[in-house]
Amino acid sequence: MARDEDDQSLGHTNTYSGSLNTYGTVFMPPKTHHSAVAALPPRDVWEPIQGIRRRYDRQIHRWMPHVNVLYPFLPHAQFATVIPRLTVAVARVPVFQVTLRTFRWFTHRSGRCTIWLDPEPHDAFMRLHATLHEAFPAYDDQSRFAGGFTPHLSVGQVTRRELPHLLVTLQATWEAVRFDLTEVALIWREADGPFQVACHLPLGREHGEEAKVEL
């Protein structure tokens, strides 16, 4: 699976989809790679993931462990305008248990590879993505690859030569990580700084929770 590399180790282009306004001109929705809607594992399961990332992931100081759902997304200055719509959309998806069991990889045109953990169940992540994409159809970059949306949690970048041995080693020593995904996060960063959480968006409606805004 060949992809271009970017600051998340996945490809992106600047050919964003637009729509015609009432004057017949194309409206291009604002997008930035400084923000995303992402599923974050709870901090109490980070350590085995971060142990690998500290050795192999050049982006460990920029990204927390994450599975991007919508990326790129709206600029931070406009978050307040979309939090209500995000809250309603996320509430339509029930809480589900996630298992990080298997390592996979993407290959890039640069000749390097990104190793990632495959979050299960796949169907639950596809539903989460489809629900958010329905609410924000212009933010479809994660769906534009040949294989469509691929939920993944990146843990490192290596050369093609290094890949086979490292995959075997990681898989042989890895113990599956499990956690309940109870929320997604709206995250953002400034310039070259690390991503931070602006808002926690709870899945499901059974507890009647509202978004926890940290803007």
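The values are calculated or read from the model by the stated rules, or taken from the named source; none is laboratory data. Remember, it's a predicted structure, so these values are computed and weren't measured experimentally. Because the Cβ atoms are built from the backbone with ideal geometry, glycine has one as well, and the counts that use them run over all protein chains shown.
Restricting the stretch 159-170 to residues that are outside any loop (DSSP other than H, G, I, E, B) and touching a residue at least 40 places away in the same chain (Cβ under 8 Å), the residue that is surrounded by the most Cβ atoms within 10 Å (Cβ to Cβ) is Leu166. Can you find even one residue in the stretch 179-195 that is more than 24 Å from Trp105 (Cα to Cα), hydrophobic (A, V, I, L, M, F, W, C) and more than 16 Å from the chain's Cα centre (by Cα)? Within the stretch 179-195 (the criterion being more than 24 Å from Trp105 (Cα to Cα), hydrophobic (A, V, I, L, M, F, W, C) and more than 16 Å from the chain's Cα centre (by Cα)), the answer is yes, since at least one residue qualifies. With respect to the conditions (1) touching a helix residue (DSSP H, G or I) at 6+ places or on another chain (Cβ under 9 Å); (2) modelled with pLDDT of 95 or more, Pro42 falls short on a single one, namely (1).
Tallying residues that are surrounded by fewer than 17 Cβ atoms within 10 Å (Cβ to Cβ), among the aliphatic types (A, V, I, L, M) and in contact (Cβ under 8 Å) with a residue 24 or more places away in the chain within the stretch 171-190 yields 1. Here the strands (runs of 3 or more DSSP E) wholly within the stretch 50-158 that include at least 1 residues being over 14 Å from the mean Cα position of the chain (by Cα) are 96-108, 112-120. The conditions of being out of contact with any Lys or Arg (no Cβ under 7 Å at 6 or more places or on another chain) and surrounded by fewer than 20 Cβ atoms within 10 Å (Cβ to Cβ) are not met by His129.
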